[in-house]
Structure formats: structure tokens, C-alpha cells
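Quick note: the coordinates plus some simple rules give every number you see, no bench work behind them. Note that the structure is a prediction, hence the values are computed from the model and not measured. No Cβ is skipped: glycine too gets one built from the backbone with ideal geometry, and neighbour counts run over all protein chains shown.
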Amino acid sequence: MKIVRRIACIGMLLGLALSVIANSHAADSPVMLQQASPVITTSPPARLSDVQTIDGIVAALYDVISGGVGQVRDWNRMRSLFIPEARIMAIGPKRDSKDLGLRILSLSDYIANSGPILVDTGFRERELSRKTEQWGELAQVFTTYETTRDANKSTQRGINSVQLMHDGTRWWIISLLFEAERIQLSLPDAYLVPVK
């Protein structure tokens with residue numbers, strides 16, 4: 001009798017866990033198998049023009065982070081481009097070291113850490129060139145960028161590597177990995193062909 005009760009209890013717990021997982025996905029985000037989280041996140045509704053094409057979502061990404069000194073960014077628009085679990089990552093030299101490191105941020109981390117800097121410095125980023133590969137619902141975009149900071153008139157170039165998926169309705173940014181030029185690393189001509 002005790003064994004039967006234990007089996008029934010285990011069955012109920014498994015059923016509850018599966019129910020929580022099934023209901024933890026936002027209706028407008030891609031369905032993904034994952035563990036249930038105590039934190040519920042949803043993506044704000046996206047502008048159709050931002051997410052219907054790869055061109056649209058890449059243009060929206062550049063547009064949403066760019067602006068003059070003191071210009072508040074539309075972070076809900078940025079959130080609408082990414083899956084809630086997305087990561088923004090940067091490759092670059094470590095502080096006080098010649099070694100390279102990888103900085104990994106959630107979208108909320110990026111907004112909290114970089115958002116004030118973008119507004120304070122008048123950060124603008126534009127696309128110089130793009131190479132896109134697509135197979136099925138998977139896309140990989142290498143987009144060469146140039147940033148300008150109004151505060152000190154500095155410019156910098158690099159590459160944003162954007163991973164995307166199409167869920168049958170719209171495009172989503174899954175992750176963004178970028179690296180800037182430095183003395184030991186210059187952009188080759190192949191990544192400077194203008195976008196058509």
C-alpha cells in the first residue's frame with residue numbers, strides 16, 4: 001500500500017512539473033524545452049516591420065541602440081527582438097592583461113550595464129557590410145559595424161555575429177556575439193563590402 005501511494009505521489013509531482021514547464025512559455029516566444037524557472041519573462045510585442053525579415057531585424061537592432069547624448073533608448077523595442085533567454089557576448093582584451101576574455105550578458109544585464117553609457121556618450125552604430133547564411137529557420141549574420149561616440153568623437157569598427165531563428169511567424173535574435181578591431185586585429189576587405 002505504501003509503495004502504491006509513493007508511486008501515485010511521484011506521478012502527481014511529475015504531472016505538476018510538466019504542467020509548469022508547459023505553461024511557463026510566453027505565447028509569442030518560440031517554444032523551447034527548458035526547466036521551469038521561478039522568474040517569468042515575456043517579450044514585448046514587436047513591430048511587424050522589425051521582425052518579418054532578416055533585413056528588418058538587423059536594421060532594428062542598430063536603430064534601437066543608436067542615439068545622441070541624453071536620448072533615451074526604447075528598451076521594450078530591443079527586448080521585442082530577442083528571445084527572453086538571449087545572450088549578448090563580447091570578445092575583447094581583459095583589463096590589465098593582453099589575454100582575451102569573453103563577457104556574457106543577459107539582455108537585462110546589457111540594458112542595465114550598457115544602457116546608461118549609450119545615453120551618456122551619444123552612442124551611434126551603423127552597418128557597413130553584411131554576410132548572411134540561412135538554412136531553413138536558422139540564420140547567421142556577420143554584420144560589420146562602425147560606432148561613433150558623440151562625447152569624444154571616437155569611432156570604432158568590428159563585427160556583430162547575430163544568430164537568428166524563424167518560428168513560422170517572425171524572426172528572433174537568439175544570441176549576439178561581437179568583437180571590435182584592435183591593433184592586432186584589422187577587418188579584412190571581405191567584411192567591408194557595402195550592404196546592397
Cα gyration tensor category, rounded, prolate or oblate, for segment 103-164 with a/c compared to 1.5:
oblate
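Ranking Y62, Y145 by Cβ neighbours within 10 Å, fewest first, what do you get?
Ordered by Cβ neighbours within 10 Å, fewest first: Y62, Y145.
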What is the distance in Å between the Cα centroid of segment 71-122 and that of segment 138-183?
11
Between F142 and V69, what FRET efficiency comes out of the Förster formula 1/(1 + (r/R0)^6) with R0 = 30 Å and r the beta carbon distance, rounded to 0.05?
0.50
Cα-based Rg and Dmax for segment 39-196, where Dmax is the largest Cα-Cα distance (Å):
15.6, 46
To make sure I understand, if each residue's beta carbon is the centre and we count other beta carbons within 10 Å, what order do V141, V69 fall in, fewest to most?
V69, V141
